[in-house]
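The values are calculated or read from the model by the stated rules, or taken from the named source; none is laboratory data. Keep in mind that this is a model prediction, so the values were computed, not measured. Cβ: placed from backbone, ideal geometry, glycine included. Neighbour counts: every protein chain shown.
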Amino acid sequence: SVRYVAALVAAAVLNLAVLGGAFALGHSFGSKSGTVTNKTTLSEQLKTDDGQSSGGSTGGATSTASTTGSKDTTEIAKEVGPAVVGIKSTVQGQMSLFGGYSTSEAQGSGIIISADGYIVTNNHVVADSSSVSVQLNTGSEYAAKVIGADDQTDLAVIKIEPTEELTVANLGDSTKVEVGETAIAIGNPMGLEFFGSVTQGIVSAVNRTVQVDNRTMNLIQTDAAINSGNSGGALVNSKGEVIGINAVKVTTTGVEGMGFAIPISEAKPIISDLLDYGYVKGRPVIGLSTRDVSAYMAQQYGWPQGAQIMSVTTDNARNAGLQQGDIITKIDDKTISKGSDLTEYKDTKSPGDTVKLEVYKYATGKTESVSVVLSEQIPD
């Protein structure tokens, strides 16, 4: 199976990608008297990235940027390693029979993207967390706040308030990545005990379409070792530029060397929105949750195949007369045989657009056409 790789310690079951091959803790860069906030600059750089590396001004912090040619792996490990952090997130579970709540702790990785402490990681590293902390390669540990998270792209941005100078990663251009070029992965195998481990391989494929937890993701494939413990870590090219954020691996028995990273060029606009709004703007939503009506169900109940409404979540959908049990069979004359067809078409639209639905009404058994204005998807 292809799945998110994340390392969970203490009684929880979540898989986190890790990397093997040791990388020693770095030295302290000293304290700064008041970190200059450069969130706005960072967000603008991410939005207006023209395909060049987006290191930009780091507000006095050390940058991993390279304006020259290739470096050897030793140089890259020394320069980029300090920009990769360890992340611990505590997840509160259900109340036990004896009172109190059970907790579990996830460990992953993150990449420092600004001098004032903004860090990008995978959403599944910090999802549903009650507290998050970050460990630097200096050994310092800071409490972190989740600024924004996006389940659809598996990206999240967190923030620490550092009292020392940070090394900021240089974000490259993944649209220029070629199959066969060097790929170096940096992260934390088996949690923070093996902090900052480095592995090297090549880019095995680009624009690889992978199904993960019922989501279609466009990823970079690499054979650089990615094992249990390093989701959110950096995939780096030979110039020391981050070209991807390690996220998933193939875990089928007998399969080795098939890890995947979120391309950094696709991540940049998501990161920018998470910085500015805490969620990704401009995503349309009809306002429904659905289940698939299979051929078997259609035959058993005399229904048409399509996407059956299980709940209605927006006023626009309610005002259109959509109700639980109704079955959507077409959207703008496109036949719908399952819920993913509906989602795929809806994602080509924008909030405010109107779509026409052909709906089999559960209450009457009649088919009607209704129009719905798409809303913007805003997380709770």
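Restricting to strands (runs of 3 or more DSSP E) lying wholly in the range 179-294: which have 3 or more residues that are over 28 Å from GLU44 (Cβ atoms)? The strands (runs of 3 or more DSSP E) meeting that bar are 182-187, 197-212, 215-222, 242-250, 288-293. Does GLU161 satisfy the criteria of being buried (at least 19 other Cβ atoms within 10 Å of the Cβ) and not assigned by TED's automatic domain parsing to the domain that holds THR343? No, not satisfied.
Would you check which residues across the range 130-153 are among the charged types (D, E, K, R) and either assigned to a strand (DSSP E or B) or at pLDDT 95 or above (or both) and list them? Write out each step before concluding.
Of the residues in the range 130-153, the ones among the charged types (D, E, K, R) are 141, 145, 150-151.
Correct list: GLU141, LYS145, ASP150.
On the stretch given as the range 329-361, residues that are of a type in the set (A, V, I, L, M, F, W, C) and out of contact with any Asp or Glu (no Cβ under 6 Å at 6 or more places or on another chain) total 4. The set of residues in the range 220-259 that are surrounded by fewer than 24 Cβ atoms within 10 Å (Cβ to Cβ), within 30 Å of LEU342 (Cβ to Cβ) and not β-branched (Val, Ile, Thr) contains only GLN221. Scanning the range 130-158 for residues that are charged (D, E, K, R) and surrounded by 23 or more Cβ atoms within 10 Å (Cβ to Cβ) yields a count of 1. Filtering the range 295-310 for residues that are surrounded by 21 or more Cβ atoms within 10 Å (Cβ to Cβ) and more than 17 Å from LYS366 (Cα to Cα) leaves an empty set.
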